[in-house]
1. Could you grab the pairs with beta carbons closer than 7 Å, sequence gap of 6+ or different chains, first residue in segment 22-35 and within 13 Å of CYS68 (Cα to Cα), second one open to solvent by 70 Å² or more (accessible area, probe 1.4 Å) and part of a loop (DSSP other than H, G, I, E, B)?
2. Among the residues of segment 29-71, which ones are of a type outside the set (A, V, I, L, M, F, W, C), farther than 24 Å from LEU7 by Cβ, out of contact with any helix residue (DSSP H, G or I) (no Cβ under 6 Å at 6 or more places or on another chain) and open to solvent by 60 Å² or more (accessible area, probe 1.4 Å)?
Amino acid sequence: MGPVPNLPAEPDDDLDSYVGLDARTAEDRARERGWTTVRALPPGAIITMEYLYGRINFEIADDAVRRCWRG
């Protein structure tokens with residue numbers, strides 16, 4: 001097994017602060033705070049379990065963030 005790369009720190013962000021924001025505002029805020037990848041998903045979307053460093057995920061329903069998580 002190879003060595004684990006030295007990754008830069010992910011943004012120190014309060015993920016709960018995104019809940020309730022409209023999708024566009026949440027995406028803009030995430031990019032301003034240093035997230036390199038922003039992913040918006042509908043409720044119940046089937047996704048892979050890989051962790052992508054620097055990614056923030058939003059579950060969006062009715063143009064509002066319902067849930068938010070890293071990776």
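The values are calculated or read from the model by the stated rules, or taken from the named source; none is laboratory data. Fair warning: this is a prediction, and the values are worked out from it, not measured in the lab. FYI the Cβ positions are ideal-geometry reconstructions off the backbone, even for glycines, and counts take in every protein chain you see. For the accessible areas, the whole protein counts, side chains as well, though only heavy atoms, and no ligand, DNA or RNA atoms are used. Shrake-Rupley method; radii C 1.70, N 1.55, O 1.52, S 1.80 Å.
1. ASP22/ASP63; ALA23/ASP63
2. PRO42, PRO43, GLY44, ASP62, ARG66, ARG67
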